[in-house]
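The values are calculated or read from the model by the stated rules, or taken from the named source; none is laboratory data. Keep in mind that this is a model prediction, so the values were computed, not measured. Ideal geometry is used to build each Cβ from the backbone, glycine not excepted, and the neighbour counts take in all protein chains shown. Protein only, heavy atoms only, side chains kept; ligands, DNA and RNA dropped before computing areas. Shrake-Rupley method; radii C 1.70, N 1.55, O 1.52, S 1.80 Å.
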Amino acid sequence: MYDYLIVGAGLFGATFAYKAHQAGHRCLVIDRRPHVGGNVRCENVDGINVHCYGAHIFHTDNAEVWNFVNALVPFNRYTNSPIANYKGQLYNLPFNMNTFHQMWGVHTPAEAKAKIDQQRAEALQAMHDAGIDQPRNLEEQALLLIGRDIYETLIRGYTEKQWGRPCTQLPAFIIRRLPVRFVYDNNYFNDAYQGIPVGGYNQLIQRLLDGIEVRTSCDYFDDRTHWDAQARHIVYTGEIDRFFDYRFGHLQWRTVRFETETLPTSNHQGNAVVNYTERQVPYTRIIEHKHFEHFGDAVDRIPHTVISREYSTEWQPGMEPYYPINDDRNTAVYTQYRDLAATLPNVTFGGRLAEYRYYDMAPTIERALQCPLR
Ligand code: UDP
C-alpha cells in the first residue's frame, strides 16, 4: 500500500511526488506514455536535445520556484527572443521598439507611442460607437492593446492558426500574455528568471523522481480498480473529463503536430523560434532546437541541426491534448467537473489537463509545491 498513487509523470506529478517523497511518504507514479516528463520530455537526436512536445522555455518571477529547480539542475542563460516572419518580412517579438521601428520606421518611444495611441483611439471609438465598454474577445483586446497594424501583421493570422477559431471568438486573456514595451528589448518574458536546464528537461524530471517508484506504459484507465487499491490518496494529473467518464461531455483542446527533420547545415534560421504570422503558411512556427542550449561559436560545432515545424489542429479522441480552449462553453463544462472533483476527498486534481488551464511550467511547479499533503 502506498500513501500516494500519482497518475501522470509530467511536471505536476513529478513535483508533487518529489515533495511527498521528501516528506517521507511512499509514492507510486504511473504514466500511460513509455517515458516520464509529460510534455517537457526531450529526446537526443544526433547530439541535440529536441523538445518532443513543443518548445519549453522556463521563466518565472518566483525566486522560490527558481531556487527550487536550480537546486536540482543548473539552468543555462537562454533568453527567448522569437522572430516573426510575415510574408518574408522579419519583426522582433514581443512588441517592442525594434518591432515598431521595423513596422513604421519610427525611432523614438514618443513616435511609437503616438502611432499606437492613434490606432488605439480608433479601436476605442469603434467600440464606443457599438456601445461596448470592455473588450469581449481577443480581437477587441488586441486592437485596444496595440492597434490595427500590429494586430493584422503579427497577431491575427498566427492566433487563428494556433486556435483554429476567429479572433472574435477567442477569450481576451490569451493576448494579455504578450508584453508591449517602449524599449529596444527583445526578451519575450518580463520575468526576472529564465533559462533551460543544462542537458535538457529530462535532467530535471530525473532529479524530481529520484528514488521514487515509477511505472511507464501504465494506463490508469486500463484497470482503475486495481490502481485505486494501491494507495490511500490519488493525485490525478490526466484529463479531468476522462476521470469522470465524460459525463458532462468532452472538453475541447487544441493539439499540435510536429514535423521534425535533421538538416545538413549547422545553423538553419539563426534563432530558436521563428513564428510565421501569416494565415497562408500552414505551420505556426519553426523551432531550431540547438539554439536552446548551444550559444555563440558553439552553434557551429555541431555540423547539422534539427528543426520542427509546428502545426496546430483541433483535438480528436486518441490525440494528445495540448491547449485548453477556455471559451464559455468549455469553461461551463469544466466547472461541472471541478465541482464534482471537489467532492472527492481522496483525490487531488492538478496540472494543465486536470485543471483545464493554460499553465506555464513555473506555475505548475508552484501549484504542486503548494498542494497540501494529506
Ligand atoms: N501570438 C501572436 N503572434 C505571435 C505569438 C503569439 O498573436 O507571433 C498570440 C497568440 O494568440 C498566442 C498568444 O499570443 O496564442 C500566446 O502566445 P505564446 O507565445 O505565449 O504561446 P505558447 O508559446 O504558450 O504557445
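Pairing residues of segment 152-164 that are within 18 Å of Gln316 (Cα to Cα) and open to solvent by 30 Å² or more (accessible area, probe 1.4 Å) with residues that are among the polar types (S, T, N, Q) and more than 8 Å from the ligand (Cβ to nearest atom), at Cβ distances under 8 Å and at least 6 apart in sequence or on separate chains, gives Gly164/Ser312; Gly164/Thr313. Annotation note: Cβ proximity below 6 Å between a residue of segment 90-119 that is over 25 Å from Tyr276 (Cβ atoms) and a residue that is open to solvent by 20 Å² or more (accessible area, probe 1.4 Å) (sequence gap 6+ or interchain) occurs for Pro109/Phe182. Just to be sure, is Asp133 of a type outside the set (Lys, Arg), open to solvent by 20 Å² or more (accessible area, probe 1.4 Å), closer than 25 Å to Tyr53 by Cβ and in a loop (DSSP other than H, G, I, E, B)? No: the conditions fail for Asp133.
When segment 186-204 is limited to residues that are in a loop (DSSP other than H, G, I, E, B) and open to solvent by 60 Å² or more (accessible area, probe 1.4 Å), the one that is nearest to the ligand (Cβ to nearest atom) turns out to be Asn190.
Can we say Asp46 is under 15 Å from Gly199 (Cα atoms) and surrounded by fewer than 22 Cβ atoms within 10 Å (Cβ to Cβ)? Here the answer is yes, as Asp46 does meet what is asked. Condition check for Phe95 on (1) at pLDDT below 95; (2) surrounded by 20 or more Cβ atoms within 10 Å (Cβ to Cβ): one failure, at (1).
Considering each residue of segment 226-243 in turn, none proves to be at pLDDT below 95 and either among the aliphatic types (A, V, I, L, M) or surrounded by 13 or more Cβ atoms within 10 Å (Cβ to Cβ) (or both).
Total residues in segment 158-185 satisfying the condition of being over 19 Å from the mean Cα position of the chain (by Cα) and of a type outside the set (A, V, I, L, M, F, W, C): the figure is 6.
Scanning segment 166-181 for residues that are more than 7 Å from the ligand (Cβ to nearest atom) and free of Cβ contacts under 8 Å to residues at least 60 places away in the same chain, we see that the one that is farthest from Gln118 (Cα to Cα) is Pro166.
For segment 345-353, the condition of being farther than 30 Å from Pro197 by Cβ and either in contact with a Pro (Cβ under 6 Å, 6 or more places away or on another chain) or outside any loop (DSSP other than H, G, I, E, B) (or both) holds for at least one residue. Taken together, Leu90, Leu11, Leu72 contain a single residue that is farther than 30 Å from Asn346 by Cβ, among the aliphatic types (A, V, I, L, M) and either touching a strand residue (DSSP E or B) at 6+ places or on another chain (Cβ under 6 Å) or open to solvent by 10 Å² or more (accessible area, probe 1.4 Å) (or both), which is Leu90.
Tell me yes or no: at least one residue of segment 223-246 is outside any loop (DSSP other than H, G, I, E, B) and either under 20 Å from the mean Cα position of the chain (by Cα) or closer than 23 Å to Tyr91 by Cα (or both).
Keep residues of segment 223-246 that are outside any loop (DSSP other than H, G, I, E, B), which gives 224-228, 231-236, 240-243.
Now narrow it down to the ones that are either under 20 Å from the mean Cα position of the chain (by Cα) or closer than 23 Å to Tyr91 by Cα (or both): 236, 240.
Scanning segment 223-246, I find at least one residue that is outside any loop (DSSP other than H, G, I, E, B) and either under 20 Å from the mean Cα position of the chain (by Cα) or closer than 23 Å to Tyr91 by Cα (or both), so the answer is yes.
All conditions in (1) closer than 20 Å to Asp245 by Cβ; (2) surrounded by 17 or more Cβ atoms within 10 Å (Cβ to Cβ) hold for Gln316, with the sole exception of (2). Of the candidates Ala84, Ala112, Ala123, the single residue that is open to solvent by less than 30 Å² (accessible area, probe 1.4 Å), hydrophobic (A, V, I, L, M, F, W, C) and part of a strand (DSSP E or B) is Ala84. Tally up the residues in segment 165-185 that are within 22 Å of Tyr323 (Cα to Cα), touching a strand residue (DSSP E or B) at 6+ places or on another chain (Cβ under 9 Å) and open to solvent by less than 30 Å² (accessible area, probe 1.4 Å), please. Counting residues in segment 165-185 that are within 22 Å of Tyr323 (Cα to Cα), touching a strand residue (DSSP E or B) at 6+ places or on another chain (Cβ under 9 Å) and open to solvent by less than 30 Å² (accessible area, probe 1.4 Å) gives 1.
Looking at Ala332, Ala342, can you tell me which residue is open to solvent by 10 Å² or more (accessible area, probe 1.4 Å), more than 16 Å from the ligand (Cβ to nearest atom), over 17 Å from Thr237 (Cβ atoms) and aliphatic (A, V, I, L, M)?
Details: Ala342 fails: over 17 Å from Thr237 (Cβ atoms).
The match here is Ala332.
Residue count for segment 349-365 satisfying the condition of being away from the ligand (no atom under 13 Å from the Cβ) and either hydroxyl-bearing (Ser, Thr, Tyr) or surrounded by fewer than 18 Cβ atoms within 10 Å (Cβ to Cβ) (or both): 1.
Being in contact with a strand residue (DSSP E or B) (Cβ under 9 Å, 6 or more places away or on another chain) and open to solvent by 30 Å² or more (accessible area, probe 1.4 Å) is the filter here; which residues of segment 279-310 pass it? Walk me through it before giving the result.
Taking segment 279-310 first, the residues in contact with a strand residue (DSSP E or B) (Cβ under 9 Å, 6 or more places away or on another chain) are 281-294, 299, 302, 304-310.
Listed by number, the residues that qualify are Pro282, Tyr283, Arg285, Glu293, His294, His304, Arg309.
Residue check: Glu160 meets all listed conditions (1) touching a helix residue (DSSP H, G or I) at 6+ places or on another chain (Cβ under 8 Å); (2) away from the ligand (no atom under 13 Å from the Cβ) but one, namely (2).
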